[in-house]
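Report on the structure given below.
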Amino acid sequence: MFTFSLTLIRHGETQYNRDKLLQGQGVDTLLSETGIQQGEAAGRYLTDITFHNVFVSNLQRAVQTAEIILRKNTHSSSMEMVLEPLLRERGFGIAEGRPKEDLKNMANAAGQSCRDFTPPGGETLDQVKLRFKKFLKVLFERLLDEHSWSAPDGSAGATAANMTASAASDVAPGGSADDGLQGVSVHALVVSHGAYIRVAIRHLVEDLKCSLPPGVKVSHLFSPCPNTGISRFILTLSQSEPGPVLSAARCVFTNRKDHLDDFTAAE
């Protein structure tokens, strides 16, 4: 068995976020000054976490955020990023570059909720989920290729029972940057986008049945991720004939924004 941590971070604020405009994949902008400060705050928060693998959407706002976070990291500042198109934001078709209110109006006109509505030329939620599932396969294979089935401190032998038992004991009441990492020796960082991360979390929780933190509200789990919001999952893989499969998963926290206390993050 092989256990690792997966830390998901949304990119920092862009001017489009501030102006409540949809970006998707067709609008590829850099961070605003606030977004840069948010990235620096996230980097300081995670400064002592050793990330062994870093996967980043190849859109500029995600790449810039990852670069800032890694520069602030004590152990991973020279880590090579893998730019992964599978991590790109949901495509919003003809709504890209337009106010979010336009998307709501299109959804209302179609008699659908805004979340479930797909603008012409855009990606459905199922298509985004398929991209995330493909990314998980890439992630599993890459980590196992580089780290093998055995970890130096024995964390590869972690079981689902161990993970569940530790769920309530290794998360500090106020929240700490290393929550959930005790006994886990391989850590992966992923920098992506708000709508994509929301789909990813829903897949991990609803489809892959990961265990949840005690007392967590589902509304918080699936709420929009703030700019540089941080989520973390602990995943355990087991060997099978077709390839590695997920045998256990637990959510440590989602959408954490402790590092943003001094900022007003755009959603």
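The values are calculated or read from the model by the stated rules, or taken from the named source; none is laboratory data. What you see is a predicted model, and the numbers here were worked out from it, not measured in a lab. Backbone-built Cβ (ideal geometry, glycine too); neighbour counts: all protein chains shown. With ligands, DNA and RNA removed, areas are computed over all heavy atoms of the protein, side chains included. Shrake-Rupley method; radii C 1.70, N 1.55, O 1.52, S 1.80 Å.
In this structure, does Thr74 turn out to be over 18 Å from the mean Cα position of the chain (by Cα) and over 21 Å from Gln23 (Cβ atoms)?
Values: over 18 Å from the mean Cα position of the chain (by Cα): yes; over 21 Å from Gln23 (Cβ atoms): yes.
Yes: the conditions hold for Thr74.
For a quick check of your reading of the model, give me the residue pairs whose first member lies in the stretch 118-137 and is of a type in the set (Val, Ile, Thr), whose second is part of a helix (DSSP H, G or I) and surrounded by 17 or more Cβ atoms within 10 Å (Cβ to Cβ), with beta-carbon atoms closer than 7 Å and at least 6 apart or on different chains.
As it stands, the answer is Val128/Tyr196; Val128/Val199, since those pairs meet every condition given.
For the stretch 61-118, what are the residues that are touching a Gly at 6+ places or on another chain (Cβ under 9 Å), open to solvent by 70 Å² or more (accessible area, probe 1.4 Å) and in a loop (DSSP other than H, G, I, E, B)?
Scanning the stretch 61-118 gives a single hit, Lys72.
Among the listed residues Ser247, Ser219, Ser223, Ser240, identify the single one that is at pLDDT 90 or above, open to solvent by 10 Å² or more (accessible area, probe 1.4 Å) and more than 16 Å from the chain's Cα centre (by Cα).
On the way: Ser219 fails: at pLDDT 90 or above; Ser223 fails: more than 16 Å from the chain's Cα centre (by Cα); Ser240 fails: at pLDDT 90 or above.
Step by step, each of Ser247, Ser219, Ser223, Ser240 is checked, and only Ser247 is at pLDDT 90 or above, open to solvent by 10 Å² or more (accessible area, probe 1.4 Å) and more than 16 Å from the chain's Cα centre (by Cα).
How many of the residues making up the stretch 32-50 are assigned to a helix (DSSP H, G or I) and either farther than 13 Å from Thr7 by Cβ or at pLDDT below 95 (or both)? Break it down into steps so the answer makes sense when it comes.
In the first step, residues of the stretch 32-50 are kept if they are assigned to a helix (DSSP H, G or I); the result is 33-45.
With the extra rule that they be either farther than 13 Å from Thr7 by Cβ or at pLDDT below 95 (or both), the set shrinks to 33-41, 44.
Result for the stretch 32-50: 10.
Listed here are the residues, each with its yes/no results for (1) under 17 Å from Leu139 (Cβ atoms); (2) in contact with a Phe, Trp or Tyr (Cβ under 8 Å, 6 or more places away or on another chain); (3) among the small types (Gly, Ala, Ser).
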site: Leu46; (1), (2), (3): no, no, no
site: Val54; (1), (2), (3): yes, no, no
site: Gln60; (1), (2), (3): no, no, no
site: Val63; (1), (2), (3): no, no, no
site: Ile68; (1), (2), (3): no, no, no
site: Met79; (1), (2), (3): yes, yes, no
site: Glu84; (1), (2), (3): yes, yes, no
site: Pro99; (1), (2), (3): no, no, no
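Name the single residue, out of those in the stretch 26-48 being surrounded by fewer than 19 Cβ atoms within 10 Å (Cβ to Cβ) and of a type outside the set (D, E, K, R), that is nearest to Asp261 (Cα to Cα). Walk me through how you get there before you give the answer.
Kept after step one, since they are surrounded by fewer than 19 Cβ atoms within 10 Å (Cβ to Cβ), are these residues of the stretch 26-48: 26-30, 33, 36-37, 40, 44, 47-48.
Then keep just the ones that are of a type outside the set (D, E, K, R); that gives 26-27, 29-30, 36-37, 47.
On the way: Gly26: 31, Val27: 28, Thr29: 25, Leu30: 23, Ile36: 15, Gln37: 12, Thr47: 17 Å.
Looking at the filtered set, the residue picked out is Gln37.
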